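Notes for the one structure printed next.
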Amino acid sequence: MKRYACIIALLLCTSGCEAFLQAIPAILQVADLGQRVYFNRHPHPTHRAAVEAALAVLAMAHRSGDEQAVSDAYAALYNLLDETGVLRATSPEGGAEGSGPTPVPLDLPTPLELSQGD
């Protein structure tokens, strides 16, 4: 499901920003599921709260229909997922490890790929 949703998002983002806006619900779903799996395996309450807040900001920007706000919120979410290790499913050094399933990398388009799709 994750790979399917992101392939659709990549295809849509090459069709312009309006299509990208239509792909945001799928991107939100993939990012949310990915962060849940990641933080169940590698608990870090502060990082998890930051990612959940960034997801909420992207969802609000999407509801507003403001293309620039969506673009900015997506870039912030993408960068945060990268910084926290969620994007590439990398284990934190010396971090706790839970019993959840092993996380997998998220196949999300980069902010640069999206800006080139405009």
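As a summary of the residue check, residue 65 satisfies the conditions (1) of a type outside the set (Lys, Arg); (2) within 14 Å of the chain's Cα centre (by Cα); (3) at positive phi except for the one numbered (2).
Counting only residues that are in contact with a helix residue (DSSP H, G or I) (Cβ under 7 Å, 6 or more places away or on another chain) and aromatic (Phe, Trp, Tyr), which one in the stretch 34-74 is nearest to residue 23 (Cα to Cα)? For the stretch 34-74, the residue satisfying everything is 74.
Checked against the criterion of being under 12 Å from the mean Cα position of the chain (by Cα), at pLDDT 95 or above and charged (D, E, K, R), the stretch 39-54 has at least one qualifying residue.
State whether the residues of the stretch 76-95 include one that is touching an Asp or Glu at 6+ places or on another chain (Cβ under 9 Å), assigned to a loop (DSSP other than H, G, I, E, B) and touching a residue at least 40 places away in the same chain (Cβ under 8 Å). Yes, because at least one residue in the stretch 76-95 is touching an Asp or Glu at 6+ places or on another chain (Cβ under 9 Å), assigned to a loop (DSSP other than H, G, I, E, B) and touching a residue at least 40 places away in the same chain (Cβ under 8 Å). Cβ-Cβ distances below 9 Å connect the following pairs, each with a first residue in the stretch 29-50 that is of a type in the set (Val, Ile, Thr), a second residue that is assigned to a helix (DSSP H, G or I) and surrounded by 15 or more Cβ atoms within 10 Å (Cβ to Cβ), and a separation of six or more residues or different chains: 30/2; 30/5; 30/6; 30/9.
Here residue 84 fits the description: in contact with a Pro (Cβ under 9 Å, 6 or more places away or on another chain) and modelled with pLDDT of 85 or more.
The values are calculated or read from the model by the stated rules, or taken from the named source; none is laboratory data. Predicted model only: the values in this text are computed from it and were never measured. Cβ sites come from the backbone with ideal geometry, for glycine too, and all protein chains shown count toward neighbours.
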